[in-house]
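The values are calculated or read from the model by the stated rules, or taken from the named source; none is laboratory data. Bear in mind the structure is a predicted one, so any value in this text is a computation, not a measurement. Positions of Cβ are backbone-derived with ideal geometry, glycine not excepted, and every protein chain shown enters the neighbour counts.
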Amino acid sequence: MIIEKILNNNVVITRSPSGAETVIMGRGLAFGRAAGDRVDEKKIEKTFTITDPSLEGKLHELLAGMPVEHMLISEKIISRAKVILGKKLSDSIYLTLPDHISSTIARYEQGIVLENPLKWDIRRFYRTEYEIGMDANRLVEEETGVKFTDDEAAFIALHFVNAQQNSDIKSAYNMTYIMQEICQIVSDYFQMEFDEDSLDFYRFITHLKFFAQRMIHQTHYHDNMDGLLSAIAQQHPRAYDCATRIRDRMEQQYDFKMSPDEMLYLTIHISRLSAHKA
């Protein structure tokens, strides 16, 4: 591999056999080297190839001002998360997470700790991602001695929510707010607390994740089952009335008009959740 650009003593830019931008990291990797030289493969610790053309150039711009240790910590977190999630993650995670980890470490070292107002909702809506965030906290403390709060685990969790959906952090926050609001409407309507370990709650939250994503992107689910909605509404009038309140709130607050199919599935999920209250 030929060095195309040197960012610092530890990071160089090269190209993969297919021509994709590749970042190579290793302590002292670029010391005494110049563009056009071959990479000393014995010093390579990590290699990142960016397959998304829109991100080309952004990663090495970020790494130029970041301690190599922070990127290596982030890579460990991402590698563990990939195994746990078992899903393909957007290349953007290699930008957003290292940037977050590095800036947060610097912030904590200055005594600046932020609260996450959605921590508890992120914890219950995105359990797996939140556990990844907690694992990241432990890794950061082991590697740097900096101890992140649980609030930070929730912030980290959202980066992995984004990476699975190829969206941005604002969208993840908006999705969480929408899910929070809908859960509150259902809880207030039936005067109930959710059994968050139940299969029905898991199904409901899974449905809300995709529903909130459709709302944000202003897309709709259509399956042409308008007739079935009438039957379900008659069988489960309270669940349907609750779904109607949610529909009205979503239209008023977010200018999103729910389709009959959206109403059908939402009513079914609510009826399952509230079966013992109906």
| Do you know which residues across region 21-36 are touching a residue at least 12 places away in the same chain (Cβ under 8 Å) and either surrounded by fewer than 14 Cβ atoms within 10 Å (Cβ to Cβ) or under 19 Å from Ile73 (Cβ atoms) (or both)? | Val23, Ile24, Met25, Gly26, Arg27, Gly28, Leu29, Phe31, Ala34, Ala35, Gly36
| Residue, nearest to Ile6 (Cα to Cα), within region 27-64, restricted to residues that are modelled with pLDDT under 80 and in contact with a helix residue (DSSP H, G or I) (Cβ under 9 Å, 6 or more places away or on another chain) | Leu63
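Find the helices (runs of 4 or more DSSP H) located wholly in region 172-261 whose residues include 1 or more that are of a type in the set (Ser, Thr, Tyr) and in contact (Cβ under 8 Å) with a residue 40 or more places away in the chain, and list them.
In region 172-261, the matching helices (runs of 4 or more DSSP H) lie at 237-254.
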| note | Residue hits (region 84-120; touching a residue at least 60 places away in the same chain (Cβ under 8 Å) and more than 21 Å from Lys58 (Cα to Cα)) are Leu85, Lys87, Leu118
| message | Could you tell me how many of the residues in region 112-128 are buried (at least 17 other Cβ atoms within 10 Å of the Cβ) and in contact with a Lys or Arg (Cβ under 8 Å, 6 or more places away or on another chain)? | response | 1
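So in region 129-159, with the set limited to residues that are β-branched (Val, Ile, Thr) and in a helix (DSSP H, G or I), which one is surrounded by the fewest Cβ atoms within 10 Å (Cβ to Cβ)? Show your work before the answer.
Let us first name the residues in region 129-159 that are β-branched (Val, Ile, Thr), namely 132, 140, 144, 146, 149, 156.
Retained after the next criterion (residues that are in a helix (DSSP H, G or I)): 132, 140, 144, 156.
Values: Ile132: 23, Val140: 24, Thr144: 17, Ile156: 27.
So the residue we want is Thr144.
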| task | Could you grab me the full set of residues in region 69-93 that are under 19 Å from Ile13 (Cβ atoms) and out of contact with any Asp or Glu (no Cβ under 8 Å at 6 or more places or on another chain)? | result | His70, Met71, Ser74, Glu75
| note | Over region 9-20, the set of residues surrounded by 16 or more Cβ atoms within 10 Å (Cβ to Cβ) and not β-branched (Val, Ile, Thr) is Asn10
| task | Look at Asn174 and say whether it is in contact with a helix residue (DSSP H, G or I) (Cβ under 6 Å, 6 or more places away or on another chain), closer than 19 Å to Ser74 by Cα and among the polar types (S, T, N, Q). | result | no
